[in-house]
Amino acid sequence: MKVSDLNNLPEFTLLSDSKESDITGVFCCDLLSIAMGKAPSGSAWVTVMANVNTLAVASLTDVACIILAEGVAFDSTLIDKAREEGIAVFKTDLPIFDAALLVNNSL
Amino acid sequence: MSELMELNYTVSNEDFTRAGEASSDVKKKLKQLGVSPDAIRKVAIALYEGEINMIIHAYGGKIKVTISENEITLILADKGPGIADIDKAMQAGYSTAPDKVRSLGFGAGMGLPNMKKNSDKMDIQTEIGVGTTVTMVINI
Ligand SMILES: Nc1ncnc2c1ncn2[C@@H]1O[C@H](COP(=O)(O)OP(=O)(O)O)[C@@H](O)[C@H]1O
Ligand SMILES: [Mg+2]
């Protein structure tokens, strides 16, 4: 599925637009060092860690998009950085597992 | 071995918002040079972890990246407190990071193990109260 297809799911709200890319899997983790080492490129990364470093890790690992779960609070610097890096960021009120499952079932 | 390019960066103290700038820039340059995605990913991970360590554990530092035909060399030098026990520091899960840093998602004690795993050669020179220099080589 494409990143833009996620926007058609009512559970997800797009916070920053990006270049179109394919989602090839789902990855869940909140510890940035683990995500840095393990997030597969092309995956949708579901996390509650919502700071500007999340974007740095996403960019370096080439994930397809970030999904901020549990309705976590995030600041505007995260969105600014997402625009700069061209990475799509979604938010959802779903818990991490449910969000990941929903993406996985839509792949 | 012929050297194609040398890149230098300064990592500033305690500036988490800028962490990863050097790694992103190196990643872009390697892409332009046509280096394989696999090698680029290794460099990005190794360099980012090193960058973060200089911010969390030292007071910032300097990074020198040398790209030659067959390998990429990353040298990260800081004038931080040094590492008392390298073997311990290399263990997965060992971390002295403060709570403030953990709340940002760092301090899982995976940095040095990630750096080791993603480089073909890694060397740490450290002296208490003087600083630490980590050298990593990634074959391309
Ligand atoms: N550049 C450095 N200067 C001083 N101490 C360091 C440096 N890099 C790593 N360390 C020490 O090694 C430990 C393990 O590092 P690392 O595996 O990256 O885990 P983390 O950064 O999550 O603590 C750190 O907690 C710290 O005590
Ligand atoms: Mg570290």
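Bear in mind that the values in this text are calculations on the coordinates, not laboratory data. This is a predicted model, so every value here is computed, not measured. Here the Cβ positions follow ideal geometry from the backbone for every residue, glycine too, while neighbour counts run over all protein chains shown.
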Heads up, the helices (runs of 4 or more DSSP H) in segment B:66-140 (entirely inside) with at least 3 residues that are more than 11 Å from ligand 1 (Cβ to nearest atom) and in contact with a helix residue (DSSP H, G or I) (Cβ under 7 Å, 6 or more places away or on another chain) are none
So, first residue more than 12 Å from B:Ile138 (Cα to Cα) in segment B:66-84, second residue within 12 Å of ligand 1 (Cβ to nearest atom) and aromatic (Phe, Trp, Tyr), Cβ within less than 8 Å, six or more apart or across chains; the pairs are B:Asp78/B:Tyr59; B:Lys79/B:Tyr59; B:Gly80/B:Tyr59
Of those in segment B:14-65 that are facing chain A (nearest Cβ under 10 Å) and outside any helix (DSSP H, G or I), the residue farthest from A:Gly37 (Cα to Cα) is B:Ala19
Residue in segment B:114-129 that is surrounded by fewer than 22 Cβ atoms within 10 Å (Cβ to Cβ), within 11 Å of chain A (Cβ to nearest Cβ), more than 9 Å from ligand 2 (Cβ to nearest atom) and among the small types (Gly, Ala, Ser) present:
no
Out of (1) under 29 Å from A:Val46 (Cα atoms); (2) among the charged types (D, E, K, R); (3) more than 12 Å from chain A (Cβ to nearest Cβ), the one B:Asp85 does not meet is (1)
Is one or more of the residues making up segment A:59-67 touching a Phe, Trp or Tyr at 6+ places or on another chain (Cβ under 9 Å), crowded, with 21+ Cβ neighbours inside 10 Å and facing another protein chain (nearest Cβ under 10 Å)?
-> yes
Might you check whether a residue that is under 30 Å from A:Asp75 (Cα atoms) and of a type in the set (Gly, Ala, Ser) occurs anywhere in segment B:110-133?
-> yes
Here the residues within segment B:43-62 that are buried (at least 22 other Cβ atoms within 10 Å of the Cβ) and away from ligand 2 (no atom under 11 Å from the Cβ) are B:Val43, B:Ala44, B:Ile45, B:Ala46, B:Leu47, B:Gly61
Is it the case that segment A:74-93 has a residue that's touching a residue at least 40 places away in the same chain (Cβ under 8 Å) and polar (S, T, N, Q)? yes
